[in-house]
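J.: The structure's right below; bear with me while I get my questions together.
The values are calculated or read from the model by the stated rules, or taken from the named source; none is laboratory data. Predicted model, so just to flag it, every value in this text is computed and none were measured. Cβ sites come from the backbone with ideal geometry, for glycine too, and all protein chains shown count toward neighbours. Note: accessible area is taken over every heavy atom of the protein model, side chains too, but ligands, DNA and RNA are not part of it. Shrake-Rupley method; radii C 1.70, N 1.55, O 1.52, S 1.80 Å.
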Amino acid sequence: MIILGIETSCDETAAAVIKVSRGKFFILSSIVSSQISIHKKFGGVVPELAARNHVKNILPVIGQALSKAKVNPSQIDKIAVASGPGLVTSLIVGVEAAKTLAYALKRPIADINHVNAHIYSNWLTNPAVAFPALALIVSGGHTELILMKSKTSFKKVGQTLDDAAGEAFDKAAQLLNIGYPGGPIISKLAKKGDPNAFKLPRPMISSPDFNFSFSGLKTALLYTIQKLPKPLTRQQVYDLSASFQHAIVETLISKTIKAAIRLNINTIILAGGVAANEPLRNGLKAAAEKIKKNFLMPNFDFCTDNAAMTAAAGYFAKAANWQKIKADPNLEIK
Amino acid sequence: MNMITKSTKETINLGKKLAKKLHGGEILALSGNLGAGKTTLIKGIAAGLGIKKIITSPTFVLMKVYKVKHKNIKKLVHIDCYRIKKPSDIIAIGATEYFGKKDTVTVIEWPEKIKKILPRQILKIKLEYKKNNQTRKIIYNI
């Protein structure tokens, strides 16, 4: 089965072709046209700009994905598109392109939840997954713990009560005046800093539920910066970055492990843009090993938004009537 | 009106009280720095309107829409202009279509970023934090 995946939920225009044969996934192509450089100067994704660039990019990106995969449109068996959650102006571009293709090619189309698709980025390397599994999805818009009893069952067991982890990184980077996107920059500067130099809170780390909160951490960072003489020295910026990153990573790991033990799961899965964060990757892996749970994380290239994960999700998803598929910016996992 | 709240819980309770005064069609503009308690107050307003869903930051998607079970109010629209550079971005995502709708309450964080397109009839709420991190001063006229 050959699946075309399309993904435009935020600032990346992405298309990918995957082949699934006897349940095994083969990535034939995965094209991601990122707009980060365009949005950099705004400190975040600008919806109007994003939409305009998606419109400009979507057809060339799909064309490139097909030609790189050496696949004719007529060979596509199924189309999968991320229909939400995300920025509505961005989502619409991918959704409408996918619907048009499905209608023109007379092929089944499946609408995909972008958050689920992140989890399926782990399936691209064909691991054997022992269920039940617990997935930690961390990105600019999400911080969620999802319990999976099977390949296609998703239940939200925890989430952030305010800011997403990636958003906290972005806001911290803005407070430190070091640029966008915050995660990779803070991570880089943190390497030269001392993670214990500044005392920052670990919000909700001992709350009985599996929820997170990062808004107070951002505020604590703000207070810490305000108390320091200006301008900050370079070393102070490194130390603040390291301390902030440490607080987020430690909180994410601690709550995920707690949930994994309490829910008695077999596999811990990491996914989402923040899954590219090295201390989180290494830390969660070590913590999972310590409690003897299997651990999965996507290859570095498939952490951030891509369409191969959307196509992988499309393999498991039921086809829908194209006329009923709509971009839904607030789409949720129940 | 001038209120001092001394904890997250008190800020949420104030939000609940404010919600009782809403009839639908209101636009609340919440000004205040990062960490001033805007999202917390909105959590209270949402709870006061009977919303059970968790109110999370809309910074990334800019706007979140919640269904409300209430006599007149059917929707709570939560808009965050923190990342916005131009008011046209807020128009692009369709947010302005909710402004002033009779069955909708719209709450806007960082309204000063979209001053040019804000309707004249808005209810301003200002939040400030005091030296003691837990204390907030909240000024409103609802």
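J.: Viscosity 1.002 mPa s, temperature 20 °C: Stokes-Einstein D of the protein assembly as shown from its Kirkwood Cα radius, in µm² per second? Working shown, then result.
T.: Values: Rh = 23.0 Å.
Calculated translational D: 93 µm²/s.
J.: Next up: Could you please state, rounded to a whole Å, how far the C-alpha centre of region A:194-271 is from the C-alpha centre of region A:295-316?
T.: Cα centroid to Cα centroid, the span is 26 Å.
J.: Once you've got the Cα coordinates, tell me which of B:LYS69/B:LYS116; A:LYS19/A:LYS258; A:LYS230/A:LYS255; B:LYS43/B:LYS115 are over 30 Å apart. Mind dumping the intermediate values first?
T.: Numbers: B:LYS69/B:LYS116 32 Å; A:LYS19/A:LYS258 37 Å; A:LYS230/A:LYS255 35 Å; B:LYS43/B:LYS115 24 Å.
Result: B:LYS69/B:LYS116; A:LYS19/A:LYS258; A:LYS230/A:LYS255 exceed 30 Å.
J.: Further, regarding this structure: If R0 is 41 Å, what FRET efficiency do you get for A:ASN264 and B:TYR66 from their C-beta distance, rounded to 0.05?
T.: 0.80
J.: Now for a separate question. Using 1/(1 + (r/R0)^6) with R0 = 60 angstrom and r between the beta carbons of B:GLN121 and A:LYS292, what's the FRET efficiency to the nearest 0.05? Can you show the working numbers first?
T.: Working: r = 61 Å, r/R0 = 1.01.
Using R0 = 60 Å, I get an efficiency of 0.50.
J.: Anything losing 40 Å² or more of accessible area from the isolated chain to the full protein assembly: pick those residues out of region B:54-85, probe 1.4 Å, ligands and DNA/RNA ignored.
T.: SASA drop of 40 Å² or more in region B:54-85: B:ILE54, B:THR56, B:SER57, B:PHE60, B:VAL61, B:TYR82, B:ARG83, B:LYS85.
J.: Given a 1.4 Å probe and every protein chain left where it sits, what share in percent of the accessible area of the protein assembly as shown is carbon and sulfur?
T.: That share works out to 54 percent.
J.: If one takes the accessible area of chain B alone plus chain A alone and subtracts that of the pair, with a 1.4 Å probe, what total in Å², rounded to the nearest 100, results? Don't jump to the answer; show the numbers that get you there.
T.: Values: alone 8210 and 14770 Å², together 20560 Å².
That pair of chains buries around 2400 Å² in total.
J.: Taking chain B as a Gaussian network, where each spring joins two C-alpha atoms under 10 Å apart, which residue of B:THR104, B:THR59, B:THR40 fluctuates the most?
T.: B:THR59
J.: Something else about it: Which aspartates and glutamates does B:LYS101 reach when only Cα atoms under 17 Å apart count, and residues fewer than 8 places away in its own chain are ignored?
T.: Filter leaves B:GLU26.
J.: I would also like to ask the following. Please name whichever of A:TRP123, A:ASN277, B:GLY48 sits farthest to the positive end of the charge dipole of the protein assembly as shown, dipole taken about the Cα centre and charges placed at Cβ: Lys and Arg +1, Asp and Glu -1.
T.: Toward the positive end, the furthest listed residue is B:GLY48.
J.: May I ask you to compute the full-extension gain from A:ALA319 to A:LYS106, defined as 0.36 nm times their residue separation minus their alpha-carbon distance, rounded to one decimal in nm?
T.: 75.5 nm
J.: Right, next: Using alpha-carbon positions, what is the distance between the centroids of region A:69-110 and region A:161-190, in Å?
T.: Distance between centres, Cα-based: 32 Å.
J.: I want to verify a result. In a Gaussian network model of chain A, Cα cutoff 10 Å, which of these has the top mean-square fluctuation: A:GLU48, A:GLU167, A:GLU250?
T.: Between A:GLU48, A:GLU167, A:GLU250, it is A:GLU48 that shows the largest mean-square fluctuation.
J.: Select from A:LYS255, A:LYS149, A:LYS230 the residue whose mean-square fluctuation is largest in a Gaussian network model of chain A (Cα-Cα springs shorter than 10 Å).
T.: Comparing A:LYS255, A:LYS149, A:LYS230 in a Gaussian network model of chain A, the most mobile one is A:LYS230.
J.: To make sure I understand the rule: partners must be lysines, Cα under 16 Å from the Cα of A:LYS218, and not fewer than 8 residues away in the same chain. Which ones qualify?
T.: Partners within reach: A:LYS171, A:LYS199, A:LYS227, B:LYS38.
J.: Then there is this: Can you give the accessible area per residue of the protein assembly as shown, in Å², using a 1.4 Å probe? Kindly include the intermediate steps, with their values, before the conclusion.
T.: Details: 20560 Å² over 476 residues.
Accessible surface, normalised per residue, equals 43 Å².
J.: On the first, second and third principal axes, largest extent first, how far apart are the outermost C-alpha atoms of region A:78-118 in Å?
T.: 27, 20, 9
J.: Region A:40-117: percent of C-alpha pairs farther apart than 14 Å? Provide the component values of the computation, followed by the final result.
T.: Values: 2006 of 3003 pairs.
Summing the P(r) of region A:40-117 above 14 Å gives 67 percent of all pairs.
J.: Which of rounded, prolate or oblate describes region A:50-163 when judged by the alpha-carbon gyration tensor and an a/c cut-off of 1.5?
T.: Working: a/c = 2.31, a/b = 1.47, b/c = 1.57.
It comes out oblate by the Cα gyration axes.
J.: Another question about this same structure. Quick check: pseudo-label points 7 Å beyond the Cα along Cα→Cβ at B:LYS137 and B:MET3, how many nm apart are they?
T.: Distance between label points: 1.7 nm.
J.: Let me ask you something else. For region A:143-196, max minus min Cα coordinate along each principal axis, in Å, sorted largest first?
T.: Dimensions of region A:143-196 along the principal axes of its Cα atoms: 42, 21, 21 Å.
J.: Provide, in order from the shortest bin, the percent of all Cα-Cα pairs of chain B in each 10 Å bin, continuing until the bin that contains the maximum pair distance.
T.: 12, 46, 35, 6, 0
J.: Per-residue ellipticity at 222 nm for chain A, helices alone: DSSP H runs ≥ 4 residues times -39500 (n - 2.57), over residue total, nearest 500 deg cm²/dmol?
T.: Per the formula, -13500 deg cm²/dmol.
J.: Follow-up. Given 25 °C and 0.890 mPa s, how large is the Stokes-Einstein diffusion coefficient of region A:229-334 in µm²/s, with Rh as the Kirkwood radius over Cα pairs?
T.: Rounded to a whole number, D works out at 145 µm²/s.
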